[in-house]
Amino acid sequence: MTRPRRRQARTQGGRLAALFGRPRTPHGDALGPSSLGRRLRPRNWPVRWRLAATSAGLTLIILLVFGAVIGKVATSRIRDDFNREVQGAAQTLAAELQIVYTPLGAIGRGPRLNDFVRPDDASARVFDVNSNLIGHSTNADELGLATLGLSTYRGDRVATSVIRGDEGNPTGYVQYGRSVAHLDSTINRLWLFIAVGVLGGTLLASFAGLAIAGRAMRPVSALTATARKIADTGDPSRHMPEPKADDEVGELAITLEQMLRSLDAARAEREEAMQKQREFVADASHELRTPLTSILANLELLEASLREPGRDDEQAMIDSALRSSQRMTRLVSDLLLLARADAGRSGSHRRCDLAEVAGNAALEAAPLMGDRELRVDNDRPLWLDGNPDELHRMVLNLLDNASRHTPPGSIVELRLCSEDGDAVVEVSDDGPGIAPELRDQIFGRFVRGDGPADTASGPGSGLGLAIVGAVAASHGGSAAASESAGGGALFRVRLPLSGSQRSASLALDRL
């Protein structure tokens, strides 16, 4: 087999190709409703995830700004409260203390410093007017020079207040200090709580956004699933899910439903028109056979009457007209068979012997082989329910195809056997064979081979192997092309055997 090519459709040929052949891509793949849908861009994140991420991002930004403001204000408030407490404690202690000056020196009187500073783990130091230390609490920290107001010294916040006598004159100073470590720990805990709140709020916003988006996108997912089923099955008679709410998604569902109903109506109208066209072609092909048969009969009679000497020119014209009429008859028969198959009007089936039918087809094909050798391996009956005329045509087309696409001297073999309850018809040759990527196309309509191995006179119609596939399908079987043992083409047709012989074949295969 040489490389098959698609014949250019011209006038009526283009209409016939549209009627009998399903459109295919340049690579030979049949165009289906979902062939283009599979050529999709890489998928992004689902919409619900993007909505949830957007919601979480916005929430995070809002919480960060809010947390920063709240943290700043709370930190300032805590520091101010701490400073006021330290300064208030120093002023209270200064109000309760008295310093009495004696010849022996200054003496402080008032509350016990240890009792005053113990609740806050603070430190207190008392000085006279000359800044001499006259008393301090136990284990008091060094608080630096006695400077009025607030100051920080070695990790302590220090407040210094004046101690006044009964007449209001300064008699000394008191220092009160508290460690800022507790203040810093409190502020750090505050920021930690704010950070945890921000993260927790973001997570909650993510989950809430995901749940809300999932709930919002659930009707869209249902619409997508239904649309995908329609694309996979090519059946627009399915219905879209009914919307539960009168919103944008509900409006989309109603619009899609209206579109599907329009497509379904258009499809039904188109199928009805195509069915009428198929029936017309089948009827027209049938009606054409009667005048063609009459023309052939008259031409044959005329040919017989012109066999007298000296009438060679008339004889040549009659022979040419007879060959053209015979070719037209074959083409009409091919079109009739395929049109009936498309219209579901296959011939009547009856019990017949496939081996006998194939043998008769081999006898008819033998004169067409020329210099090729035809071998037949057909030694057992194969009973099945079928149309003998169609089966005869199927085997004849396979043999005719082998004779057309093999060089002189080739061996063409017809073999029949039973396998797994099916009758198997194999036609093989040792010619050029078929390229693997073309084997699925070879049973298409209006596909033919042209090449150096084609030796048959006149171009083929491109319907021979299409008829083989149509006959096999109408009998519940299949046809396939592969490579033969000799490197040529191998055509294999499987047809189910009748009930009794099928059981016997299966039992024999088990042995």
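The values are calculated or read from the model by the stated rules, or taken from the named source; none is laboratory data. Only a predicted model underlies this, so the values are computations on that prediction, with no experimental measurement involved. Cβ: placed from backbone, ideal geometry, glycine included. Neighbour counts: every protein chain shown. Each accessible area value is taken on the protein alone, full model and side chains, heavy atoms only, with ligands, DNA and RNA left out. Shrake-Rupley method; radii C 1.70, N 1.55, O 1.52, S 1.80 Å.
Things worth noting here:
- Against the empirical 2.2 N^0.38 Å (N residues), region 102-232 has a Cα radius of gyration ratio of 2.29.
- Mean Cβ neighbour count within 10 Å, used as a protection proxy, ranking 61-69, 463-471, 253-261 highest first: 463-471, 253-261, 61-69
- Comparing 130, 102, 67 along the charge dipole axis of region 49-131, the residue lying farthest to the positive side is 67, per the Cβ-charge model.
- Computed over neighbours whose Cβ is under 15 Å from that of residue 191, the net charge equals +3, Lys and Arg +1, Asp and Glu -1.
- Positive end of the dipole of region 125-235 (Cβ unit charges, origin at the Cα centre): among 153, 183, 170, the Cα lying farthest that way belongs to 183.
- Taking all Cα-Cα distances within region 383-431, those exceeding 18 Å account for 38%.
- Rg/Rh for region 104-174, where both radii come from Cα atoms and Rh is the Kirkwood radius: 0.95
- Label sites at residue 233 and residue 440, each approximated as a point 7 angstrom past Cα along Cα to Cβ, lie 2.4 nm apart.
- Burial ranking of peptide ranges 432-443, 375-386 (average Cβ count within 10 Å, highest at the top): 432-443, 375-386
- Length gained when the stretch residue 270-residue 78 is fully extended (0.36 nm per residue, less Cα-Cα span): 60.9 nm
- Computed from the Cβ-Cβ distance with R0 of 45 Å, the FRET efficiency linking residue 164 to residue 193 stands at 0.55.
- 5 Å binning of all Cα-Cα separations within region 338-447, expressed as whole percents from 0 upward: 2, 11, 19, 21, 19, 17, 8, 2, 0
- Reported value for region 72-112: 66 Å³ per residue, from the convex hull of its C-alpha atoms.
- In the distance distribution for region 195-270, Cα-Cα pairs more than 21 Å apart total 45 percent.
- Contour excess over end-to-end distance, with Cα ends at residue 498 and residue 85 and 0.36 nm allotted per residue: 137.9 nm
- With all protein chains kept in place, the per residue accessible area of region 49-195 amounts to 60 square angstrom at a probe of 1.4 angstrom.
- Pairwise label distance in nanometres, residue 377 with residue 115, each label 7 Å out on the Cα-Cβ vector: 12.3 nm
- With the convex hull of the Cα atoms taken as the outline of region 230-273, the averaged projected area works out to 3.1 nm².
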